[in-house]
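Heads up: the structure comes next, in structure tokens.
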There are 2 protein chains.
Amino acid sequence: MRDVAVIGIGLTKFGELWDRSFRELGIEAGLEAIEDSGIAGKDIGALYIGNMSAGRLIAQEHIAPMVSEQVGLTLGNIPATRVEAASASGGLAFRQGFIDVASGLHDIVVVGGAEKMSDVGPEVITETLASGADQEWEAFFGATIPSLFAMMARRHMVEFGTTVEQLAAVAVKNHKHGSLNPKAQFQGEINMDVALKAPFVAEPLRMFDCAPVSDGAAAVVLCALERAKDYTNQPIKISGTGQATDTFALHDRKSLTTMAATKAAAARAFKMAGKKPGDIDVIEVHDSYTIAEIMAIEDLGIVDKGKGGPAVEEGLTALEGEFPVNTSGGLKARGHPHGATGVAQVVEIVAQLKGIADKRQVKDAKVGLTHNIGGTGGTAVVHILEAV
Amino acid sequence: MRDVAVIGIGLTKFGELWDRSFRELGIEAGLEAIEDSGIAGKDIGALYIGNMSAGRLIAQEHIAPMVSEQVGLTLGNIPATRVEAASASGGLAFRQGFIDVASGLHDIVVVGGAEKMSDVGPEVITETLASGADQEWEAFFGATIPSLFAMMARRHMVEFGTTVEQLAAVAVKNHKHGSLNPKAQFQGEINMDVALKAPFVAEPLRMFDCAPVSDGAAAVVLCALERAKDYTNQPIKISGTGQATDTFALHDRKSLTTMAATKAAAARAFKMAGKKPGDIDVIEVHDSYTIAEIMAIEDLGIVDKGKGGPAVEEGLTALEGEFPVNTSGGLKARGHPHGATGVAQVVEIVAQLKGIADKRQVKDAKVGLTHNIGGTGGTAVVHILEAV
């Protein structure tokens, strides 16, 4: 397999973007990434798009050729492929783009991720998100994604003494990071008091424990590393990729407090990259719920199992901490347009490794990691990137 | 890139399978392919699933880890990825499986395709299929997939003198082929009179000009060619793959009678395989409508543009003809569970090249081709397979 690098990034503002369509968002992110990379349209070999549920949310399946046309690539009839794995759709599209270039099939590939979630009402959103869980054994009986994560949070509290204050500390940290990111959906900081008094979504998870409903798109340009220097002085190498599955329904898991898919995906990515958790300078994890960030840093091996809550409380994962987590604001504050999220995580890590993350720059960041999960962890995908 | 072979195939019966769920169909096809290949579950590196719209049809996104669990692969936490491109979803999943093995990432990959379409009523089906066309510029204004293909048929008649009898001849041929395929949805032959007197779906297309609504699943096992002989004496090599896009909406095309995506995808696949149209012994094309088969054999270069209708009438594409097309019965008679179709095409070609196609066996078939399109041709994917 050939080495592959990211040579361009693009990202729309995330938010409830009432005045913008799915297409417009895709075009903006795609063109920004293409321009950032310095490639021409004719250089592009293929397009991969991560999207969870345009079929349900905007009545549009088959979005990859639509996006291809909108960004002006019809002339070359380039292959365009949509990849879906609920909220991990973006991460998986990025991985398929990596595999494509690594295989030698194409030298340059564009990977995009997009979701337009604000065009439908709360019931449709809740049902659509729940279609990422097990419809026959969970959603049909009324389980929603927040309620399933609430069960994980409860169990984490029982097993490890995790507190609601520790959950809230994740939200406070990520909103602080988001306030430093002009593309983030939420630009304001919150304090513990606000987080702890917000209404319940699914006990013990309150409003600020949950990522918002968002519109947005992200894109990156991938290039065979051997050709990357033709386009940029700062190619960011994809050193490791790992993807894994776990049982689809939560009730089939051995443990509610560990995501086996995250552990397996991380082990594969670390092995491929020849790295260990201690080597990572900056991390974007899937904090769709505050408990998810705590479990993620444990399952990725950043801290021991059960120590995720205290780690956040002690500032280990803050911007100025030893292992800065979700410097972008994370899903929590940057926003969570499902198909875009996994690609947006890569955009943030690339910005950090290139030293262009402005007010939220992690000093001397050389190696970064992204972690994206689908549903309640039926899918997990981990990538390790490094400056070369 | 490494050479890749198909070493196992599995296929459910296609039809309106009221008593079977999406999961059951996926399990049957997947396990049949795994058993056929002689591999063990632990040998499988990854799973790719083609599916168009489980989100709309069975309220279930994120199906890849669900299928992975159902076929018993959770223990290995293997990566499982869904690929979508409307009715080309299966063909694209097959291609992603090929790229994965060719890259060297995994030695053995299972590719499945599945769709469960009969659980919803005709309105939901029509709207869901139309979500594979351009929602904002076509479907919103009332265009359906059959009506868009009807326009192509009309224009083909104007430009090349194609007749309704030639369209009907495609249906008669494919129903005859289907009658020889025990897995086909329709087991009975039809004659010209029946085809020409059937009610209109979208003039000039009558009922027998249109593929049915179907449930079904298909699966294949892919293996690095260098390791294929460990499992089978008859590996079928994937010699060429080509994928392409065209404008998403029909009204943006230069021509309504040529699918640019088919031409581009075919050119790529032929180039990779080092073959030309005349080298192909057996062909599965995307006959979602009879006009689509006529356009496909023209755009693939089997006959000259405008000669597709006469070619069918003259028997060129019949089982005993020079270029047998859709020996399985095609989408028309085998049935068209959208996500399964592209994989089912590969299953048929592999059976033909292995000489196990029974009553519909093409004599001395050595090289085969599959052609799968999404929507009205916004996506096309072509594969060339050969006995080695």
Principal axis box of the protein assembly as shown, alpha-carbon based, largest edge first, Å: 79, 47, 45
Cα-derived Rg to Rh of the stretch A:239-335, Kirkwood definition: 0.96
Order of B:MET66, B:MET192 - criterion: other Cβ atoms within 10 Å of each residue's Cβ, fewest first: B:MET192, B:MET66
FRET efficiency estimate (nearest 0.05) - Cβ-Cβ, A:VAL158 to B:GLU16, R0 51 angstrom: 0.60
Normalised per residue, the volume of the convex hull around the Cα set of the stretch B:277-388 (Å³): 94 Å³
Using alpha carbons only: equivalent-ellipsoid semi-axes of the stretch B:195-253, gyration tensor based, whole Å: 39, 20, 10
Two-site FRET efficiency, A:LYS359 against B:ILE356, from Cβ-Cβ distance with R₀ of 51 Å, rounded to 0.05: 0.20
Between 0 and 90°, nearest 10: helix A:145-160 axis offset from chain A longest Cα axis: 60 degrees
Antiparallel DSSP beta bridges within the stretch B:261-388, percent to nearest 5: 65 percent
Ranked list, fewest to most other Cβ atoms within 10 Å of each Cβ, for B:ARG206, A:ARG227, A:ARG95: A:ARG227, B:ARG206, A:ARG95
Innermost chain A residue relative to the axis carrying A onto B, by Cβ distance in angstrom: A:SER103, 2
Stokes-Einstein D in µm²/s, Kirkwood radius over Cα pairs - chain B at 4 °C with 1.567 mPa s viscosity: 64 µm²/s
GNM result for chain B, Cα springs below 10 Å: residue of B:GLY242, B:GLY113, B:GLY91 fluctuating most strongly: B:GLY242
For the stretch A:1-142, projected area of the alpha-carbon convex hull averaged over all directions, nm²: 9.3 nm²
Spherically averaged projected area of the stretch B:228-278 from its Cα convex hull (nm²): 5.3 nm²
Linear extension gain, A:ASN233 paired with A:LYS254, 0.36 nm per residue minus alpha-carbon span: 2.9 nm
0 to 90° range, to nearest 10: angle between helix B:164-178 axis and chain B longest Cα axis: 30 degrees
Neighbour-count order for B:PHE141, A:PHE186, A:PHE94, fewest beta carbons within 10 angstrom listed first: B:PHE141, A:PHE186, A:PHE94
Residue-averaged 222 nm ellipticity for the protein assembly as shown, from DSSP H runs of 4+ at -39500 (n - 2.57), nearest 500: -11000 deg cm²/dmol
Separation of the B:GLU123 and B:ASP304 label points, Cα + 7 Å toward Cβ, nm: 5.0 nm
Helix axis angle, B:338-354 relative to chain B longest principal axis, alpha carbon, degrees: 70 degrees
Quotient of Cα Rg and 2.2 N^0.38 Å for the stretch B:1-56, N being how many residues it contains: 1.33
Reference-scaled alpha-carbon Rg (2.2 N^0.38 Å with N residues) for the stretch B:89-184: 1.50
Estimated inter-spin distance, A:GLU165 and B:LYS42, nm [label 7 Å along Cα→Cβ]: 4.8 nm
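Between B:LYS276 and B:MET1, take the C-beta separation as r, use R0 = 22 Å, and let me know the FRET efficiency to the nearest 0.05. Numbers along the way, then the final one.
Values: r = 21 Å, r/R0 = 0.97.
E(calc), rounded to 0.05, equals 0.55.
Values quoted throughout were computed directly from the atomic coordinates according to the rules given, and no laboratory measurement underlies them. Computed from a prediction, not measured in an experiment: that's the story for all the values here. Note that each Cβ is placed from the backbone with ideal geometry, even for glycine, and that neighbours are counted across all protein chains shown.
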